[in-house]
Amino acid sequence: MPITSAVYQPRGVQNTPRLSDFKYALSEKLIAQEPLPQRDASRLLIVDRDTQEIRDEKFTEIVNYLDKGDCLVVNSTRVFPARMYGYKEKTEAEIEVFLLRRLTEELWEVLVKPARKVRTGNTIVIGDNIACEVIDNTTSGGRVVRFHYEGDFSELVEKYGRPPLPPYIKREPKVDDVERYQTIFARVSGAVAAPTAGLHFTPQLAKKIEDKGIEIVPIVLHVGLGTFRPVQVEDLSRHRMDSEYYEINQSAVDRINSAIERGKRVVAVGTTVTRTLETVANFNGGVKPSRGWTDKFIYPPYHFKVIDRLVTNFHLPGSTLLMLVCAFADQDLIMKAYRHAIREKYRFYSYGDAMIIL
């Protein structure tokens, strides 16, 4: 059965983009439930904005679409095991606690499941030396909790937490997911979802890219659960993105700006990298060092200031990620590419295949 029965129709000319413009039908059979045995064995769909051509490649061929001097920008965020399980202290009812963001040393914003069983004042026991007390509700349906623990909090999360696989992966996390739901660039812990365009790279492929004279530049955006949060309004101008923390240091800025000044391409690996670069863009087309929170929402029409090419996975119908991709390329071309990918049985979403938009 399709996830949605909505079928894409060309937008034509209109002032305000609509949510329904970004819907498409997809069989659940095409949603990748497992990673491939080899990361770079994924397929790569080539989408050429100039020629409107769409063609099939293997991901290992991505090096052929990068030139010496280009700058490949990747997200070095690391996914932490944000999904924890415990029980209510008094009733022993099982409760899932999904860590979203740290507010202070002891306070966290979390999601709880089943939410109807969790009220202010409840204590949820997670392990012998860690529990959390619910102290408030959030406007988005979550909870604010105060953790009580003995020892190192990060070590306790690693001990009791599980990989936070996306909701469309309909299975329990496995041991392999601990490593496979991380990119090879992952260094800075803080994400609750992987920057999935980076999952296709292997150390060998990265070395091949660097040997060609292409710089791989890491930046950070800690992906939040908002990446999966559905858009609820038809008028996209009314949608508000969840804020996510980002960092781009002086070294990354210097290398990116150098490529721009030399007339080389900036290639973004993923929508998270794209949003970060567009957040820190200067008026002259370069970027500046910065850290903070971004809620930047990119949808058509949008003038990109920094990136020249985009590597990305295939995204959910009606998602903000798909909207960004349609802003980078002609929307009709992207939806044509998605129809091609469906016909050719590409694998979709986090553990799925990729495209590069030229």
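Quick one: which residue in TYR65, TYR87 is over 19 Å from the mean Cα position of the chain (by Cα), outside the structural domain of LYS212 (by TED's automatic domain parsing) and among the aromatic types (Phe, Trp, Tyr)?
Step by step, each of TYR65, TYR87 is checked, and only TYR87 is over 19 Å from the mean Cα position of the chain (by Cα), outside the structural domain of LYS212 (by TED's automatic domain parsing) and among the aromatic types (Phe, Trp, Tyr).
Filter region 275-297 for residues that are more than 18 Å from ILE356 (Cα to Cα) and aliphatic (A, V, I, L, M); which is surrounded by the fewest Cβ atoms within 10 Å (Cβ to Cβ)?
Here the residue is ALA281.
Being aliphatic (A, V, I, L, M), under 20 Å from the mean Cα position of the chain (by Cα) and modelled with pLDDT of 95 or more is the requirement here; does LEU324 meet it?
yes
Report yes if LEU199 is at pLDDT 95 or above, within 20 Å of THR77 (Cβ to Cβ) and out of contact with any strand residue (DSSP E or B) (no Cβ under 6 Å at 6 or more places or on another chain), otherwise no.
yes
Between residues in region 310-330 that are not assigned by TED's automatic domain parsing to the domain that holds PRO230 and residues that are small (Gly, Ala, Ser) and assigned to a loop (DSSP other than H, G, I, E, B), which pairs lie under 7 Å by C-beta distance while being six or more apart or on different chains?
none
Could you give me the residue pairs with C-beta distances under 6 Å whose first residue belongs to region 286-301 and is farther than 22 Å from THR227 by Cα, whose second residue is loosely packed, with under 12 Cβ neighbours inside 10 Å wherever it lies, and which are 6+ apart or on separate chains?
Within 6 Å, the pairs are PRO289/GLN250.
As an exercise: evaluate TYR160 against (1) aromatic (Phe, Trp, Tyr); (2) more than 16 Å from the chain's Cα centre (by Cα); (3) within 21 Å of ILE31 (Cβ to Cβ) and give the number of the one condition it does not meet.
TYR160 satisfies every listed condition except (3).
Report those strands (runs of 3 or more DSSP E) wholly inside region 242-346 carrying at least 2 residues which are among the polar types (S, T, N, Q).
Hits in region 242-346: 290-294, 309-313.
Determine whether region 186-193 contains at least one residue that is among the β-branched types (Val, Ile, Thr), part of a loop (DSSP other than H, G, I, E, B), surrounded by fewer than 17 Cβ atoms within 10 Å (Cβ to Cβ) and touching a strand residue (DSSP E or B) at 6+ places or on another chain (Cβ under 8 Å).
So far as region 186-193 goes, no, none of its residues is among the β-branched types (Val, Ile, Thr), part of a loop (DSSP other than H, G, I, E, B), surrounded by fewer than 17 Cβ atoms within 10 Å (Cβ to Cβ) and touching a strand residue (DSSP E or B) at 6+ places or on another chain (Cβ under 8 Å).
Can you work out which of the residues in region 24-48 that are buried (at least 17 other Cβ atoms within 10 Å of the Cβ) and of a type in the set (Lys, Arg) is farthest from the chain's Cα centre (by Cα)?
In this case the residue turns out to be ARG43.
The values are calculated or read from the model by the stated rules, or taken from the named source; none is laboratory data. Predicted model only: the values in this text are computed from it and were never measured. Please note: Cβ atoms are built from the backbone with ideal geometry, for glycine as well, and neighbour counts cover all protein chains shown.
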